[in-house]
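So the structure is just underneath, and the comments pick up after that.
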Amino acid sequence: MAGEVMLESFLDACPGIYFVTNAEGVISMANQEAALAFGEHAAEGRSLLESVHPEDRGSFQALWTRLPDDGKALRAVSRLRGTDGQYQAYSFSARRVKGGPEIHAVLLPAAPKPPPSEKDPEKVLRVLLDNLELAVTVLDRNGVCTWNEGRSLITSGLGPNFQLGKNLPEAYANDPVIREGSLGALRGEDKYYVVEAHGVLWENWFVPAKDENGEIIGAICLSLDKSESKRATQELQNRIDVIERQQEVIRNLETPILEVWDRVVTLPMVGVVDSARAARVMDDLLASVCRLGARYAIIDLTGVDIVDTATAAHLLNLVSALRLLGAEGIITGIRPNVAQTVVSLGLDLSRMITCANLREGLRLCIRRMHAQAQADAAVGALV
């Protein structure tokens, strides 16, 4: 009885705010200073977390749950709401009872922090976290997340302090990239990796955190949300695919190869015949001649306005290639201005068979095939 009176007298005389809670923060005992500071929120059975500022609640709870069993005290600063409804910063020290579930904590009002200057690193970091699509994660030496904030956590729908209190290597045991990144940083290695997690593409830089003696005390990770960049890249790739399909259609339209008669194909050409187009024309026409077993290939130039030395050379090469395949190339539809240009250039087209138009070219092919058929029949009769 005397011990209880002495304990009560000590608690009432204690200048600091004194709490006893369980691991979840539920209050089992509080002194008079606690009642004066927090009113009914300091009553037995209430949760101490109710008074903690929402932005500090995650880190406060994480510290509460990771208090060591050996009785070692942990210290931190958090904002708590007083009886006037305003939040004030408190410096507190918490210790778990050896062999028991109780946690004893003493809180003292923290000295007000001076307003940050424009050059204050903390203010600079806050501006970056609030305006850029990134997040910062801080791990202690055991891999437990003690800080996790940034705009990208909000825009991705994960929420601030999403990883708080989690042991990152254990939480991502099934993801070898994230697990090795965090463990590597805790071993003192710089790690960089890109990984997709929680529906977001993250670009991560993991670096070890060291104290003034160079000892590793944790790790810091800067994560950049690359989802928008990925979507832009995918959209660009989709557009490129559409353009390539359109170009394929255009190529097929600019070199349409038609089978106009048995073993006779025609290639109507329109526009300018440059080196790239000439190569496509040769590939397509030679492939069609082989596939269809064509004997004649009519190249119609009715739609070609300009013929230069390079164009004539392409046509000569095309006719020569056709002869190597056992087919004959016939040029039709040369315009008067093109004929004048060919003559003025001094080009030798004597090796080419030419006709005035496509109809005359087709008629020539039919006559030759008919004559060939009669000759073959006569040879067969003699045999």
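The values are calculated or read from the model by the stated rules, or taken from the named source; none is laboratory data. Quantities reported herein were computed from a predicted structural model and do not represent experimental measurements. All Cβ positions, glycine included, derive from the backbone under ideal geometry; neighbour counts span all protein chains shown. What goes into the accessible areas is simple: the full protein's heavy atoms, side chains included, and nothing from ligands, DNA or RNA. Shrake-Rupley method; radii C 1.70, N 1.55, O 1.52, S 1.80 Å.
General remarks:
- In the range 321-336, the residues that are touching a residue at least 24 places away in the same chain (Cβ under 8 Å) and over 13 Å from residue 296 (Cβ atoms): 321, 333, 334, 335
- Residue 151 vs. criteria free of Cβ contacts under 8 Å to residues at least 12 places away in the same chain, buried (at least 16 other Cβ atoms within 10 Å of the Cβ) and not aliphatic (A, V, I, L, M): no
- Pick from the range 59-96, criterion open to solvent by less than 30 Å² (accessible area, probe 1.4 Å) and assigned to a helix (DSSP H, G or I), ranking: farthest from residue 18 (Cα to Cα): 62
- Some residue of the range 271-292 being closer than 16 Å to residue 357 by Cβ and either touching a strand residue (DSSP E or B) at 6+ places or on another chain (Cβ under 8 Å) or not small (Gly, Ala, Ser) (or both): no
- Residues of the range 193-232 that are in contact (Cβ under 8 Å) with a residue 60 or more places away in the chain, part of a strand (DSSP E or B) and open to solvent by 50 Å² or more (accessible area, probe 1.4 Å): 217, 220, 222, 224.
- Top-ranked residue of the range 138-161 - restricted to ones that are assigned to a helix (DSSP H, G or I) and not hydrophobic (A, V, I, L, M, F, W, C), ranked as nearest to residue 203 (Cα to Cα): 152
- Scanning the range 13-58 for residues that are closer than 15 Å to residue 88 by Cβ, open to solvent by 70 Å² or more (accessible area, probe 1.4 Å) and hydrophobic (A, V, I, L, M, F, W, C) returns a single hit, 36.
- Test: residue in the range 249-258 that is assigned to a loop (DSSP other than H, G, I, E, B), modelled with pLDDT of 85 or more and open to solvent by 80 Å² or more (accessible area, probe 1.4 Å): no
- Unique match (being at pLDDT 85 or above and assigned to a helix (DSSP H, G or I)) among 185, 173, 135: 185
- Against the criterion of being more than 30 Å from residue 69 (Cα to Cα), modelled with pLDDT of 85 or more and of a type in the set (Val, Ile, Thr), residue 124 does not qualify.
- Restricting 328, 244 to those that are touching a Phe, Trp or Tyr at 6+ places or on another chain (Cβ under 7 Å), more than 30 Å from residue 206 (Cα to Cα) and acidic (Asp, Glu) reduces the list to 328.
- Just so you know, in the range 35-47 the residues that are free of Cβ contacts under 8 Å to residues at least 40 places away in the same chain and not in a loop (DSSP other than H, G, I, E, B) include one that is nearest to residue 21 (Cα to Cα), and it is 47.
- The set of residues from the range 165-197 being touching a Ser or Thr at 6+ places or on another chain (Cβ under 6 Å) and either under 15 Å from residue 133 (Cβ atoms) or among the hydrophobic types (A, V, I, L, M, F, W, C) (or both) comprises just one member, 168.
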